[in-house]
Every structure is written in C-alpha cells, then in structure tokens.
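Quick note: the coordinates plus some simple rules give every number you see, no bench work behind them. Here the structure is a predicted model, which is why all the values come from computation and not from measurement. Glycine also receives a Cβ, built like all others from the backbone with ideal geometry; neighbour counts cover every protein chain displayed.
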Amino acid sequence: MTRTLYLFCSAAPPVFDVAKVIEDAQARGWDVCLGLTPAAARWLEPSLEGLAVLTGHPVRSEYKRPGEPDMWPKADVILFAPATFNSVNAWALGLTSTFVVGVVAEAIGKGIPVVGMPCVNAAYVQHPAFERSVELLRSAGVAMLYGEGGFVPNQPGQGRPDAYPWGLALEAAESAGSGPDT
Ligand SMILES: Cc1cc2nc3c(=O)[nH]c(=O)nc-3n(C[C@H](O)[C@H](O)[C@H](O)COP(=O)(O)O)c2cc1C
C-alpha cells in the first residue's frame, strides 16, 4: 500500500531543492503532499503549479476554510525540513498561526510520526529559546535531526544549501514510518 508523506518546508534556502527531494521521496515509494509556510510559498511562487503537478496534490500553505473538504490523504509520516528558527520555536510553543506548524503541533497528539530538521545558523542557535525548543519537541516524541547525525549549524552567511542533509531526513522519515502503527 502506498504511504503518504507530508513534506513541510519553511523559508530557508534548501527549500529551493524541494522538487528533487519530492522525486527522491517518490522513488522511495512515498505519495508526497507538499506544505509550505506562507513565506516559503512566496519564495517558490513561480514553481507552485509545477510542484502540484509533480506531487499530484494541491500545494498547501493556508488553513482551509470551515466546511471545506480535506484535500490530502491522511499522513503516515510528516517531515518538516527545512525548519527555520521561527518555525521550530513556534512549533515548540504551540503558536499555530501557519498551516504547517498547526499540523505538526496537532500531529504530536494524534500520534503521527514527525521528523524535523532545522536549518539555522550558529548565531540563531545561541538564542536561549532554540535549544529549549529542540529539547521540548524531542521530549514530545518528535525526531529532531539536529546536531550529530542531523543538521549542523553553519556560520551566518556561510550556509551551503546544497549540503543540507536531505538524505538523512528521508531516511529518518522512512524509519519513522516503519513503526508498529503503520
Ligand atoms: C535569503 C534568506 C535566507 C534565510 N535563511 C534562513 C535560514 O537558513 N534559517 C532561518 O531560520 N531563517 C532564515 N531566513 C529567515 C526566515 O526566512 C524568516 O525568519 C521567515 O520569517 C521564516 O518564516 P517561516 O518559518 O514561517 O517560514 C532567511 C531569510 C532570507 C531572506
């Protein structure tokens, strides 16, 4: 049976590689639904139609209106990458003003496996909220790929979006989706 991966991205430079990541996930057997923060959707605006065709599902960046039907199949796993400083902290605090953060916040309570991989520089991570957010999300069962075996922060201005470890993120999503509940 095809498994559904919600791929959620916020506005950090690795988001520009999302088409390739979708193709990699599809090659691994996932039916992919793409969700974006409004900021990431603005960055990808010229590609949104093509991304909808590639996934076979609408690309979502806004909450539906009351009464509107669900547009996506149910998720087996959610991968939130790249996750910005802003989105990681909002997720940890339960500030659900963006659609994708709302979905991952609820996923904790629904028992849907969630993998998160930040994309943050070494200055952001010195803000005291960041480590706290990562630890809080880990304690709630989220697989946060941060530090060894995940994303390692770069110096400000020295980010290498081409080196963002998407392969680790897809592998973690696969492991998360092969638990006893799936
Ligand atoms: C060119 C550019 C690169 C950025 N890179 C990052 C980044 O790597 N990590 C990060 O946390 N924020 C980064 N930002 C800032 C976020 O885009 C900004 O905080 C945005 O409000 C995040 O919103 P979102 O989390 O809803 O997507 C970048 C902004 C710009 C303009």
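Using the count of nearby Cβ atoms within 10 Å as a rough guide to exposure, how do PHE16, PHE99, PHE8, PHE151 rank from fewest to most?
By the 10 Å Cβ count, ascending, the order reads PHE16, PHE99, PHE151, PHE8.
Once you put a point 7 Å from the Cα of ARG42 and another 7 Å from the Cα of GLN158, both along the Cβ direction, what distance in nm separates them?
Distance between label points: 2.9 nm.
How would TYR63, TYR164, TYR146 line up from fewest to most surrounding beta-carbon atoms within 10 angstrom?
Placing the least packed residue first, the sequence is TYR63, TYR164, TYR146.
5 Å is the cut-off here: which amide hydrogens, built 1.01 Å from N in the peptide plane, fall below it relative to ARG3, excluding neighbours closer than 5 in sequence?
Under 5 Å from the amide H of ARG3: ASP31.
Taking amide H positions as placed in the peptide plane 1.01 Å from N, state which residues far from PHE151 in sequence (5 or more) or on other chains have amide H under 5 Å from it.
When sequence neighbours closer than 5 places are left aside, the close amide H contacts are TYR146.
If you take the charge dipole of the chain about its Cα centre, with +1 on Lys and Arg Cβ and -1 on Asp and Glu Cβ, which of HIS57, GLY157, SER87 is farthest toward its positive end?
It is SER87.
Based only on other Cβ atoms within 10 Å, what is the fewest-to-most ordering of VAL53, VAL125, VAL88?
VAL53, VAL125, VAL88
Between the stretch 23-48 and the stretch 132-178, how far is it from one alpha carbon centroid to the other, in angstrom?
Going from one Cα centre to the other spans 18 Å.
Check TYR63: other-chain or 5+ apart residues with amide H under 5 Å from its amide H, H built from backbone geometry?
PHE99
Round to the nearest 0.05 the FRET efficiency obtained for GLN26 and ILE108 when R0 = 25 Å and r is the Cβ-Cβ distance.
FRET efficiency, GLN26 to ILE108: 0.40.
Suppose every K and R has +1 on its Cβ and every D and E has -1 on its Cβ; what is the size of the dipole of the chain about the Cα centre, in Debye to the nearest 20?
Rounded to the nearest 20 debye, it is 280 debye.
In nm, what is the difference between 0.36 nm times the number of residues separating ALA52 and THR96 and their Cα-Cα distance?
That works out to 13.4 nm of additional length.
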